[in-house]
């Protein structure tokens with residue numbers, strides 16, 4: 001097993017390589033890696049750095065969904081737990097967007113406690129990326145839609161970390177105040 005620092009460093013490096021050239025939705029051409037860094041940092045802060053595998057999974061939470069990376073590769077390079085958390089957070093991209101969204105709401109309460117924390121951190125980051133100082137009508141509609149859906153997902157994830165729950169609520173307030 002890798003040391004905690006190596007585990008997180010290797011996860012960040014793999015995430016950066018696999019997401020190279022990808023841009024983030026909601027913030028123009030911001031590199032996608034910024035989203036992964038934000039999610040990992042939220043998880044590290046929420047757990048006071050006590051769970052390296054969770055932070056590593058935060059870095060990697062979209063790697064199966066967005067790239068050709070496999071669960072087996074993650075198990076081999078990191079651990080079964082890291083791979084399992086990433087798989088738990090991975091949407092089936094063969095399904096239509098509306099169905100993927102519906103399943104996130106339905107499945108959220110059934111996820112492991114650690115996967116629920118990743119989901120909350122992911123939604124905090126994604127709402128924040130959609131907040132603009134002078135939003136267009138399309139950006140405003142996207143923020144309203146995404147925030148409402150994220151609240152439904154997070155409702156099934158709450159209770160595992162009060163700091164993350166509060167941070168999510170603060171982000172929703174920021175989003176609504178920006179409209």
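The values are calculated or read from the model by the stated rules, or taken from the named source; none is laboratory data. Note that the structure is predicted; figures quoted are calculated from it, not measured. Note: ideal-geometry Cβ built from the backbone for every residue, glycine included; neighbour counts use all protein chains shown.
Annotations for the structure displayed:
- For segment 32-49, a residue qualifies if it is under 15 Å from residue 164 (Cα atoms) and not in a helix (DSSP H, G or I), and the qualifying residues are 47, 48, 49.
For (1) in contact with a strand residue (DSSP E or B) (Cβ under 8 Å, 6 or more places away or on another chain); (2) under 19 Å from residue 125 (Cα atoms); (3) touching a residue at least 24 places away in the same chain (Cβ under 8 Å), each residue gets a yes or a no:
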site	(1), (2), (3)
1	no, no, yes
9	no, no, no
14	no, no, yes
17	no, no, no
24	yes, yes, yes
30	yes, yes, yes
33	no, yes, no
39	no, yes, yes
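- Test: residue 143 is farther than 22 Å from residue 74 by Cα and either out of contact with any strand residue (DSSP E or B) (no Cβ under 8 Å at 6 or more places or on another chain) or exposed (fewer than 12 other Cβ atoms within 10 Å of the Cβ) (or both): yes
- Filtered residue count, segment 50-77, keeping only those that are in a loop (DSSP other than H, G, I, E, B) and either touching a strand residue (DSSP E or B) at 6+ places or on another chain (Cβ under 8 Å) or closer than 15 Å to residue 5 by Cα (or both): 2
- Residue in segment 123-135 that is without any contact (Cβ under 8 Å) to a residue 24 or more places away in the chain and part of a loop (DSSP other than H, G, I, E, B) present: yes
- Look at (1) buried (at least 18 other Cβ atoms within 10 Å of the Cβ); (2) not in a helix (DSSP H, G or I) and you find that residue 2 fails only one, number (1).
- Leading residue by the ranking (surrounded by the most Cβ atoms within 10 Å (Cβ to Cβ)) among those in segment 6-31 that are modelled with pLDDT of 95 or more and not in a helix (DSSP H, G or I): 19
- When residues in segment 146-159 are screened for being at negative phi and surrounded by fewer than 17 Cβ atoms within 10 Å (Cβ to Cβ), 6 of them pass.
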